[in-house]
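A short worksheet on the structure shown next.
Derivation of every value follows stated rules applied to the coordinates shown; laboratory data play no part. The structure displayed is predicted, hence computed values, not measured ones. In this analysis, Cβ positions are derived from the backbone assuming ideal geometry, glycine residues included, and neighbour counts consider all displayed protein chains.
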Amino acid sequence: MRFEELHIPEKVLEGIRAAGFTECTPVQAQAIPLALRGKDIAAQAQTGTGKTAAFLIPLFSRMLAAPQMKRGPSPRALIIAPTRELAIQIDAEAKLLGGPAGFRIIPVFGGIDYHKQREELAKGVDILVGTPGRLIDYLKQKVYSLRNTRFLVIDEADRLFDMGFISDLRFLLRRMSPYNKRQSMLFSATLSHRVLELCYEHMNLPEKITVSPEKITVE
């Protein structure tokens, strides 16, 4: 399936072309049409399947279609990643794919200037990408709010469990709008019992997607 066949806004297609993407990977072909319709998604997909674009493309498309909100204390979208390295990767791909749409994308994670991140976040943000610890730190300081955040992505959910971040993740989710007032997408190398339990607790009837490990492409 080609990206041009999907109902994707031209500004997002510009970003897709800039990234050199033409054909959907299997996870993209399954996830993007569902997400464009506003469905919640729980996808089993490993690194290398093109999963990052599988959530960024519908996220950008839905945000462009939604009524524009003035930038305020709540990011329009929150993307949670287990590690600094993954947050950096998501941020880079988001800025490439979302560049033509003009979204303000801010990454927050440990290991770089704490006050600079805080200042950037306080200016207002469309899409916030971060690791649980730093996200909670700034949230407790009221640098930002999740009250009006309407889009949520949880990437590599199984690693969030493995690394002991599940209580932090639940802390963030409980401070968001109810699951039926937002769109949520979760991606995980495995849809284990504990991951699915999280989905059923914090998502709105998510559509399950499974991509076999051999269908790997360049991430």
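Note on GLN68/ALA122: beta-carbon distance plugged into 1/(1 + (r/R0)^6) with R0 of 25 Å gives a FRET efficiency of 0.75. Note on the range 9-26 and the range 123-192: Cα centroid distance 26 Å, given to the nearest whole angstrom. Dipole size of the chain about its Cα centre, with +1 on Lys/Arg Cβ and -1 on Asp/Glu Cβ: approximately 1020 debye, rounded to the nearest 20. Using C-alpha pairs under 8 Å with a sequence gap of at least 6, the mean separation divided by the residue count of the chain gives a relative contact order of 30 percent. Under 5 Å from the amide H of THR210 lie the amide H atoms of GLN44, each residue being 5 or more positions distant or on a separate chain, with H modelled from the backbone and absent for Pro and chain starts. Taking a Cβ cut-off of under 12 Å around GLU10, the surrounding Lys, Arg, Asp and Glu residues balance to a net charge of 0, with basic ones at +1 and acidic ones at -1. Between LYS11 and SER192, residue separation times 0.36 nm minus the direct Cα-Cα distance comes to 61.5 nm.
Sorted on the mean count of surrounding Cβ atoms within 10 Å across their residues, most packed first, peptides 66-74, 157-165 read 157-165, 66-74. Taking mean projected area of the Cα convex hull in nm² as the quantity of interest, determine which of (1) 10.8; (2) 12.5; (3) 14.6 was computed from the displayed structure. After the calculation, the listed value that fits is (1). Dividing the helix sum by the residues of the chain, where each DSSP H run of 4 or more adds -39500 (n - 2.57), gives a mean residue ellipticity at 222 nm of -12500 deg cm²/dmol.
Residues of the range 195-211 falling in the label zone of ARG37, defined by backbone nitrogen less than 19 Å from a point 7 Å along Cα to beta-carbon, are 203-211.
What the Kirkwood sum gives for the range 112-157 is a hydrodynamic radius of 11.5 Å, with every pair of different alpha carbons counted.
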